1. Anything in the range A:21-78 that is in contact with a Lys or Arg (Cβ under 6 Å, 6 or more places away or on another chain) and farther than 30 Å from A:Ser508 by Cα? List them, or say none.
2. Give me the pairs, please: first residue somewhere in the range B:40-61 and modelled with pLDDT of 95 or more, second residue anywhere and open to solvent by 40 Å² or more (accessible area, probe 1.4 Å) and of a type in the set (Ser, Thr, Tyr), beta-carbon distance under 6 Å, and either six or more positions apart or on two chains.
3. Which residue, of B:Ser213, B:Ser226, B:Ser221, is under 14 Å from the mean Cα position of the chain (by Cα), under 28 Å from B:Leu267 (Cβ atoms) and modelled with pLDDT under 95?
4. Looking at A:Tyr100, A:Tyr57, A:Tyr63 in this structure, which one is over 30 Å from A:Arg32 (Cβ atoms) and aromatic (Phe, Trp, Tyr)?
5. In the range A:371-382, what residues are in a helix (DSSP H, G or I) and in contact with a Pro (Cβ under 9 Å, 6 or more places away or on another chain)?
6. Report yes if B:Gln138 is surrounded by fewer than 19 Cβ atoms within 10 Å (Cβ to Cβ) and touching a Lys or Arg at 6+ places or on another chain (Cβ under 7 Å), otherwise no.
7. Which one of these is within 14 Å of chain A (Cβ to nearest Cβ) and under 19 Å from B:Val357 (Cα atoms): B:Val261, B:Val201?
8. May I ask you to list the residues in the range A:383-412 that are away from chain B (no Cβ under 14 Å), part of a helix (DSSP H, G or I) and buried (at least 22 other Cβ atoms within 10 Å of the Cβ)?
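The values are calculated or read from the model by the stated rules, or taken from the named source; none is laboratory data. Worth saying up front: this structure is predicted, and the values here are computed from it rather than measured. Don't worry about glycine lacking a Cβ; one is built from the backbone with ideal geometry, like all the others, and counts go over all protein chains shown. The accessibility values were calculated without ligands, DNA or RNA, using every heavy atom of the protein model including side chains. Shrake-Rupley method; radii C 1.70, N 1.55, O 1.52, S 1.80 Å.
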There are 2 protein chains.
Amino acid sequence: MKIENIDVNSYPGSEKVYIDGKLHPIRVAMRRVNLTPTVKIIDGEKMTRKNDPVYVYDTSGVYTDPDVSVDINAGLPRLREEWLERREDLEQLSHITSDYGRMREADKSLDPIRFAHRYAPRRAAEGRNITQMALARQGIITPEMEYVAIRENNNAEALGIKSHITPEFVRDEVAAGRAVIPANINHPEAEPMIIGKNFLVKLNTNIGNSALSSGIEEEVSKAVWSCYWGGDTLMDLSTGDNIHETREWIIRNCPVPVGTVPVYQALEKVDGKVEDLTWEIYRDTLIEQAEQGVDYFTIHAGALRAHADMVQERLTGIVSRGGSIMTRWAVIHDQENFLYTHFDEICEILARYDVAVSLGDGLRPGSIHDANDRSQFLELDVLGELTEIAWRHNVQVLIEGPGHVPMHKIRENMERQIDKCHEAPFYTLGPLTTDIAPGYDHITSAIGAAQIAWMGTAMICYVTPKEHLALPNLEDVRNGVITYKIAAHAADIAKGHPGAQLRDDAMSKARFEFRWKDQFNLSLDPARARQYYVESHKDDD
Amino acid sequence: MKIENIDVNSYPGSEKVYIDGKLHPIRVAMRRVNLTPTVKIIDGEKMTRKNDPVYVYDTSGVYTDPDVSVDINAGLPRLREEWLERREDLEQLSHITSDYGRMREADKSLDPIRFAHRYAPRRAAEGRNITQMALARQGIITPEMEYVAIRENNNAEALGIKSHITPEFVRDEVAAGRAVIPANINHPEAEPMIIGKNFLVKLNTNIGNSALSSGIEEEVSKAVWSCYWGGDTLMDLSTGDNIHETREWIIRNCPVPVGTVPVYQALEKVDGKVEDLTWEIYRDTLIEQAEQGVDYFTIHAGALRAHADMVQERLTGIVSRGGSIMTRWAVIHDQENFLYTHFDEICEILARYDVAVSLGDGLRPGSIHDANDRSQFLELDVLGELTEIAWRHNVQVLIEGPGHVPMHKIRENMERQIDKCHEAPFYTLGPLTTDIAPGYDHITSAIGAAQIAWMGTAMICYVTPKEHLALPNLEDVRNGVITYKIAAHAADIAKGHPGAQLRDDAMSKARFEFRWKDQFNLSLDPARARQYYVESHKDDD
């Protein structure tokens, strides 16, 4: 297998650089955009003045490092392997422990599509609290914490810009639950990153095959592509065949944390029959995926049985797939949602691998009509309770949010979330601020995403132009990611993130001085900027 | 000449409808989107329930009325001709009165590119105050006022939705200067529309050839195209040859108000030499354009000589072309900007034709770095003074605004504008909320436009994906207009415009019921939505 669409040289004028840690033997990757000098003619004399390079946050991993040759069949270099080896609170298992995982492993017919390099999973040693949150609470600054502290600053301090983001600050935010470092001990390929309102706004991208469409190669390709353009985390929402094997390929080749919705796979295991779902099947799925290296699970534990009746008053009912599955299960069995009743056990499993939980908003509004209604806000209260439970287990928590919300109702979402969920990071889909523009929902939602991110949402989930119409192709992924980079960056500037405006100012200076190449190279999508310019100027001279 | 790109049937499921006035013999055009019924199977029985049609604001003029055949060479039907004929405060001139206009008329070499149907211009009868503002102040409800009152409501009242927008309300807002109806008495082809914070948010599109690029046919085509997608007003920013003739073609075929920046043409008349500009040439240009039917002029009368020094402290100096021309003129001549010193005379001319003035922001920031600086805000104070002068002449006023503004600095722009400019409608370009995404500046700016429109900006000027890189083609115009329709509509919903959310709710219901055709037909860009859907589903069955 081969990734065709990534060119290591496709950020022209840029270099991959690494900044060393001071507490730990780590190297933090960034991209440095080198600029041409300013040239002026003063009194007939040509004067040139150097322009400082601009350091930008880089999510593309070693795919854009010319010194590293990536072999998709071998997976990415295991960046955190040494850090993990040094730890005494982990144990290396001799084999995977989920029933399903073992069944797939034994199935010879899967050999042709199997990722060849297998790694025995790690797990917490008996009785040890190993999550980033547990360590932070013990006052420990982990390599991951130092890594993200350096990463967040984009070398701004070297330019004399004061930053509040130190390794100690990271530790304190993680300990308080205000920030999450999704870093499953079985996904050492990922570069550590942090999600929290006092850090750069992050964006998540969704990929995933469906029964009808894409195969493994295409999914890996999309995953790398979305990181290349700026995706900070990646959710694999696959629902078709070979989910287990596809996921292995993605995780082994993904430089950013990977999230999933485990109930999707659990449902595949019972042939899509909601009534046949059981806690045991779900539990085994959690272990299966945790041992592969999934960094965070979306779990719809707040969608309760009572909600099933309440949503009758809505225009668009329940649009979250996970929320719909779990409320249906509850009604069919006349029991409470098993994710809610087994939440303590869930947390015990997650804590063993340091998988973060992203508490799903199964009752998110599917239209601006249903925004901020009682179903939505009652679920948010439940997510607040579950947050406290997760934190008791040292499990890191994200809270998922809507969805479809008109502008004047956005602030209430943010304020209630902070209040009810004790400042756990908010992670929202958009929100879309109007429903009348299918084909342009990356834009209807970026308008809302920029606002809610400015107010304190830590991560925004991208929306592509195909939302509500079709699955995105590569070009849609690119458009979705860039649109959300814009929303996130606009929020970073408004929030006053240290040095966030440096790149804008460098761009504006280049624009004022007609340094076209620097303008292209500084832009979020250099290829697009250059293309538009060249197309229109090709007839000029 | 022919407009190739507009198909009267391209809004499928829609009908052109007209609502009659009660005070005046007027017919107000709207588009009605007819919906398919909801079909449910209940107890084995097929139940259908009708879905009410949705009325939407329509800027496309008779181009989308199958009962009207438009001949570009003859121009649009003159909707307001009868209204104007009935008035006793106007005089019909026997010929045009500008020197330049007469010179072009006498030039036989222009015959091949001349718009054939000439109309003698109208002007205020001696001593009469004829503007919509003058009439409103006298307590008169004009046909234009009743027209916009009906138009703003999209038939919502027939559905039992209360609206504050009555003809009386329109009159009061225009009298107070809080709203503008740009309606030159020499542009009777345009359908009346209103710009004010208590009305639907409007969007302006810019077109214009440059010396290098497009010809008359392409410009007319772009003008109609932008109205077709939803442009509420149109600025013709042409700078090349034959500006006078191009403008005539555009105005005669344009169903929305047309604006210009007269100093662009004045500068062409002196071969681009700023030092040769004179008040006399500019004055003649105003009369020339007013008699052709331009509905509003952007006039950079607030860019003063003192600004030329002040902008040294900026990163990107003066980026407004008009602002740059006028400050340069002032420095060269060591005199104050002649648009400022002659502002009373300018207003006397504008008042005679009911041309509105759009006070240009010559000192708008060209980068988020320069946003909200003292140059910008000192100019805003001057625009406030000029507003009072214009109002003394009964000239309707818009105030132009930035530009490039990070999110946290947007509110100050709106609040100061309201305070300093006495609630005259604000008309902003974007603002762009970050500078790092050339190729996507329709999006960087829609994020800002939606916010400032929600806060009270009455009209937003679109930005296309090619901003800062190249001139837009037809597809860029489409993307720019739809993006700004989204921003405007999101703001209308947030502001609580009566019935604004009806279309969203109809869309959401269609979505929940999988009525795909209705979803396409209700969307801002039905063709795009359908295309994305069909492309991805063509292999399905």
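1. A:Gly75
2. none
3. None of the other options fit; the residue is B:Ser226.
4. When all the criteria are applied, what remains is A:Tyr100.
5. Once the filter is applied, which keeps residues that are in a helix (DSSP H, G or I) and in contact with a Pro (Cβ under 9 Å, 6 or more places away or on another chain), the range A:371-382 yields A:Ser375, A:Gln376.
6. For B:Gln138, the condition - surrounded by fewer than 19 Cβ atoms within 10 Å (Cβ to Cβ) and touching a Lys or Arg at 6+ places or on another chain (Cβ under 7 Å) - is not met.
7. Selected residue: B:Val201, the only one of B:Val261, B:Val201 that is within 14 Å of chain A (Cβ to nearest Cβ) and under 19 Å from B:Val357 (Cα atoms).
8. A:Leu383, A:Leu386, A:Thr387, A:Ala390
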